[in-house]
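The values are calculated or read from the model by the stated rules, or taken from the named source; none is laboratory data. Quantities reported herein were computed from a predicted structural model and do not represent experimental measurements. Cβ placement follows ideal geometry from the backbone for every residue including glycine, while neighbour counts extend to all protein chains displayed.
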Amino acid sequence: METILAIDVGGTHQRFSPIDFKGNILEKMTYPSHRDISSSAFFQSLEDRISDHLKKNLCKGVALALPVVLEEQTGEVQDAPNLPFLVGQNLKESLSFLSVPWIVENDANSALLGEAWLGEGQKESSFCCLTLGTGIGSGLFLNGKLWKGVRGMASEMGHLKIDFSGKTPCSCGGHGCLEAFASASALHKKTGYSGEELYQKAGQGDSLALHAFEEMGAFLGRGIGSVANLLNIDLFILAGQLSQAFHFFYPSCHRGAQESAMKGPRQHLKIVQSKLGDDAGLLGAAYAWLQKHAR
Ligand SMILES: [Zn+2]
């Protein structure tokens, strides 16, 4: 059976999975990810883990989803709020140890491609996928293709400016971004609880948690409405760990989107929860590899 080794690197853990060409995930392995290590230690451990996996599984290639903003042409990492040691690294050089065909894709773009391949976006020619986690990632699928922008850095919806008071700093170094109001780290700053803890509490009817999700949804909805005005996209898929709380924040999110979108774009606007969950990024990275190397 032909397989690809897909790797999803997050701020807190790394997931390794061999995936066949039809999108079946054959095995799932998880390792811790460290924020405070050097780039050489990071790439050394990546090399060791990959070579262990390639010894066990005869994979045709390696597909990496990384939480970085990448300059497409040069392979240089421009920004990496959750893995800061990667900034300035040239991935074409750092990953030259790989002996099989490989590809690197931004993690949010990977989730989008997973949705386009096997998820909620399968029948759509244009949609947006938001990954709600520590930060907010987003990807755009326009006219049947991932939209990367002129230099590969498009679709940072988490950094839409929604507040200009200068009071709310964001992980990007700016202020007032959507991510600073509607991500797990924003919720943590506000309530002292992690996204997972808030999800548990909301399930028990805790009013602080329910209110936090309601506010988060309202901000998210405003961002979605603005993007719907800009692009006239009907479908927004919400993925990432925090999307498990969808039923808690959806009502205010829907309301916020309806209020901020103009009459035309809002008529067919749909906000749905991803059914691929955490696997979207792994699957999408594998799909990106197949598009590049298998045809
Ligand atoms: Zn920002």
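Residue pairs whose Cβ atoms lie under 8 Å apart, sitting 6 or more positions apart in sequence or on different chains, and linking a residue in segment 171-188 that is over 16 Å from residue 220 (Cβ atoms) and in the same structural domain as residue 242 (by TED's automatic domain parsing) to a partner that is within 8 Å of the ligand (Cβ to nearest atom) and among the aliphatic types (A, V, I, L, M), are 171/180.
No other residue among 263, 270, 292 is charged (D, E, K, R) and out of contact with any strand residue (DSSP E or B) (no Cβ under 8 Å at 6 or more places or on another chain) apart from 263. Exactly one residue out of 135, 144 is assigned by TED's automatic domain parsing to the domain that holds residue 213, farther than 14 Å from residue 6 by Cβ and under 17 Å from the mean Cα position of the chain (by Cα): that is 135.
Whenever a residue of segment 158-169 is in the same structural domain as residue 180 (by TED's automatic domain parsing) and hydrophobic (A, V, I, L, M, F, W, C), its partners that are modelled with pLDDT of 95 or more and in a loop (DSSP other than H, G, I, E, B), lying with C-beta atoms within less than 6 angstrom and at least six residues away or across chains, give the pairs 160/178; 162/178; 164/176. Could you go through segment 131-147 and let me know if any residue there is under 15 Å from residue 243 (Cα atoms), in contact with a helix residue (DSSP H, G or I) (Cβ under 8 Å, 6 or more places away or on another chain) and of a type in the set (A, V, I, L, M). Scanning segment 131-147, I find at least one residue that is under 15 Å from residue 243 (Cα atoms), in contact with a helix residue (DSSP H, G or I) (Cβ under 8 Å, 6 or more places away or on another chain) and of a type in the set (A, V, I, L, M), so the answer is yes. Take residue 16 and decide whether it is without any contact (Cβ under 8 Å) to a residue 60 or more places away in the chain, assigned to a strand (DSSP E or B) and under 26 Å from residue 152 (Cβ atoms). Answer is yes for this residue. Which residues, taken from segment 2-13, are surrounded by fewer than 17 Cβ atoms within 10 Å (Cβ to Cβ), in contact with a strand residue (DSSP E or B) (Cβ under 7 Å, 6 or more places away or on another chain) and in contact (Cβ under 8 Å) with a residue 24 or more places away in the chain? If the condition is that a residue be surrounded by fewer than 17 Cβ atoms within 10 Å (Cβ to Cβ), in contact with a strand residue (DSSP E or B) (Cβ under 7 Å, 6 or more places away or on another chain) and in contact (Cβ under 8 Å) with a residue 24 or more places away in the chain, then 2 is the only one that fits. Residues in segment 259-274 that are within 14 Å of residue 247 (Cβ to Cβ) and touching an Asp or Glu at 6+ places or on another chain (Cβ under 9 Å): 272, 273, 274. Just one of (1) within 16 Å of the ligand (Cβ to nearest atom); (2) over 30 Å from residue 285 (Cα atoms); (3) among the basic types (Lys, Arg) fails for residue 201. It is (1). Applying the set (1) in the same structural domain as residue 24 (by TED's automatic domain parsing); (2) surrounded by fewer than 16 Cβ atoms within 10 Å (Cβ to Cβ) to residue 229 leaves exactly one unmet item: (1).
Tally up the residues in segment 147-194 that are in a loop (DSSP other than H, G, I, E, B), of a type in the set (A, V, I, L, M, F, W, C) and within 12 Å of the ligand (Cβ to nearest atom), please. Please lay out each step first, then the result.
Step one: filter segment 147-194 for residues in a loop (DSSP other than H, G, I, E, B), giving 147-156, 160, 162-168, 170-174, 176, 178, 183, 192-194.
Subset that is of a type in the set (A, V, I, L, M, F, W, C): 147, 150, 153-154, 160, 162, 164, 170, 172, 178.
Then keep just the ones that are within 12 Å of the ligand (Cβ to nearest atom); that gives 160, 162, 170, 172, 178.
Number of matching residues: 5.
Only a single criterion out of (1) farther than 20 Å from residue 69 by Cβ; (2) crowded, with 16+ Cβ neighbours inside 10 Å is not satisfied by residue 190, namely (2). Taken over segment 135-146, the criterion of being within 14 Å of the ligand (Cβ to nearest atom) and either surrounded by fewer than 22 Cβ atoms within 10 Å (Cβ to Cβ) or among the aliphatic types (A, V, I, L, M) (or both) is satisfied by 136 alone.
Among the listed residues 246, 236, which satisfies the condition of being within 24 Å of residue 207 (Cα to Cα) and under 19 Å from the mean Cα position of the chain (by Cα)? Give the steps one after another, and end with the answer.
Working: 236 fails: within 24 Å of residue 207 (Cα to Cα).
Within the list 246, 236, the selection yields 246.
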